[in-house]
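Down below is the structure, laid out as structure tokens.
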Amino acid sequence: MLMVHDRILSGIDLNLLVVLRALLSERHVTRAAARVGLSQSATSHALSRLRELLGDPLLVRSGRVLSLTPRALRLLPTLERALGELEVVVSGESRFDPSTARRTFSIGMADYLQALIMGPLLERLATRAPGIDLSVVVFPNQEEWIESGALDLMLTVTGREKHSLRYEALFEEGFVCMVRKGHPQIKKRPSLEKYLAARHVVVAPSGTPGSMVDDALAARGLERRVALRVTNFLIAPVVVSETDFMSTMPERLAHQLTKNYPLRIVPPPIELPRFGYCMGWHPRLDHDDAQQWLRQFVAAATKTS
């Protein structure tokens, strides 16, 4: 098997991979050419060779701009990492310096966490690590992408940990209820009767019925009316602010949403379970300077959001 891999690699001009990284990062042939020190025609020729080699168009025109194909999107973080590691092999190990480093990290997290921490995270990056870029994605099976090397880090709900990966707890929080300002029936903590009778919008990222809140109600023999189920946390505040719907939301996100929507936060009528978030990574990244910095940086941002 190793000999097969060697034969495949020996037939590839590794300089093409450098051009590929520039093309996928810049999404512009002229800028990519300037980045790698080639002429525009030579870069265009390299793109043609790469398309033939990989059996994929890689970049397709969308109006006046070039867009990455799905395969190119998957290739970019792996390519960044592989070439970065190859550069280290050739140039020798050096300590990671976030203030001068140019690098892209790939992080997997749900839209809820993106809305919660991306502001503080990007604000800190701008001043402390201006050359660091992020690729933030939502994958249904993040653990597989961590194991494949396509993700550097993932943020996920605790309680789903895999023994093959490393984890660190980030924060814990509970639930609150969210209604629009001026709601005709709910102006303070609702009674259990009002809560159950209200029309609820429930965020279910997987698209399937059930939630921690519904499980807690079912344990008491109770059931609320789920009148709308959506897969995105950022749809719920739009619905709630424009209707008489109610949403039972993670507390930190609910407070952040009140800054941009005419919403009121009230306590739920019963005690609901708390839940936590953690970050996960592959053990092979335990001692990598850059990866250690990334984990510390993300952890700090979650505490200030």
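The values are calculated or read from the model by the stated rules, or taken from the named source; none is laboratory data. Computed from a predicted structure; not experimentally measured. Because the Cβ atoms are built from the backbone with ideal geometry, glycine has one as well, and the counts that use them run over all protein chains shown. SASA here: full protein model, heavy atoms, side chains in, ligands and nucleic acids out. Shrake-Rupley method; radii C 1.70, N 1.55, O 1.52, S 1.80 Å.
Here's the yes/no breakdown for (1) within 16 Å of His282 (Cα to Cα); (2) crowded, with 19+ Cβ neighbours inside 10 Å; (3) in contact with a His (Cβ under 8 Å, 6 or more places away or on another chain):
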residue: Arg124; (1), (2), (3): no, no, no
residue: Pro140; (1), (2), (3): no, no, no
residue: Glu144; (1), (2), (3): yes, no, no
residue: Leu153; (1), (2), (3): yes, yes, no
residue: Thr156; (1), (2), (3): yes, yes, no
residue: His163; (1), (2), (3): yes, no, no
residue: Phe171; (1), (2), (3): no, no, no
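For region 25-82, give me each residue that is open to solvent by less than 50 Å² (accessible area, probe 1.4 Å) and part of a loop (DSSP other than H, G, I, E, B). Those that are open to solvent by less than 50 Å² (accessible area, probe 1.4 Å) and part of a loop (DSSP other than H, G, I, E, B): Asp56, Leu58, Thr69. Exactly one residue among Leu192, Leu234, Leu228 is out of contact with any helix residue (DSSP H, G or I) (no Cβ under 9 Å at 6 or more places or on another chain), more than 20 Å from Ala169 (Cα to Cα) and open to solvent by 50 Å² or more (accessible area, probe 1.4 Å), and that residue is Leu192. Looking only at region 94-114, residues that are open to solvent by less than 30 Å² (accessible area, probe 1.4 Å), aliphatic (A, V, I, L, M) and either free of Cβ contacts under 8 Å to residues at least 24 places away in the same chain or closer than 29 Å to Lys259 by Cβ (or both) come to 3 in all. For region 198-217, residues that are open to solvent by 20 Å² or more (accessible area, probe 1.4 Å), modelled with pLDDT under 95 and touching a strand residue (DSSP E or B) at 6+ places or on another chain (Cβ under 8 Å) total 6.
Table: residues versus (1) of a type in the set (Ser, Thr, Tyr); (2) over 17 Å from the mean Cα position of the chain (by Cα).
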{"site": "Leu66", "(1), (2)": "no, yes"}
{"site": "Leu86", "(1), (2)": "no, yes"}
{"site": "Val89", "(1), (2)": "no, yes"}
{"site": "Ser99", "(1), (2)": "yes, yes"}
{"site": "Gly108", "(1), (2)": "no, no"}
{"site": "Ala115", "(1), (2)": "no, no"}
{"site": "Leu134", "(1), (2)": "no, no"}
{"site": "Glu147", "(1), (2)": "no, no"}
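Taken as a whole, the structure leaves Val213 outside the set of residues that are more than 30 Å from Leu73 (Cα to Cα) and in a strand (DSSP E or B).
Pairs are defined by a Cβ separation below 6 Å, a sequence spacing of at least 6 or placement on different chains, a first member in region 138-152 that is in contact (Cβ under 8 Å) with a residue 40 or more places away in the chain, and a second member that is basic (Lys, Arg); the pairs so defined are Glu143/Lys162.
So, of the residues in region 117-171 that are among the polar types (S, T, N, Q) and in contact with a strand residue (DSSP E or B) (Cβ under 9 Å, 6 or more places away or on another chain), which turns out to be nearest to Leu75 (Cα to Cα)? The extreme case among them is Ser135. Residues in region 262-303 that are at pLDDT below 95, open to solvent by 50 Å² or more (accessible area, probe 1.4 Å), outside any helix (DSSP H, G or I) and more than 22 Å from Pro205 (Cα to Cα): Glu271, His287, Asp288. Every test in (1) loosely packed, with under 14 Cβ neighbours inside 10 Å; (2) within 24 Å of Tyr261 (Cα to Cα) is passed by Glu223 save one, and that test is (2).
In a loop (DSSP other than H, G, I, E, B), open to solvent by 40 Å² or more (accessible area, probe 1.4 Å), among the charged types (D, E, K, R) and modelled with pLDDT of 90 or more, is that true of Asp244? Here the answer is yes, as Asp244 does meet what is asked.
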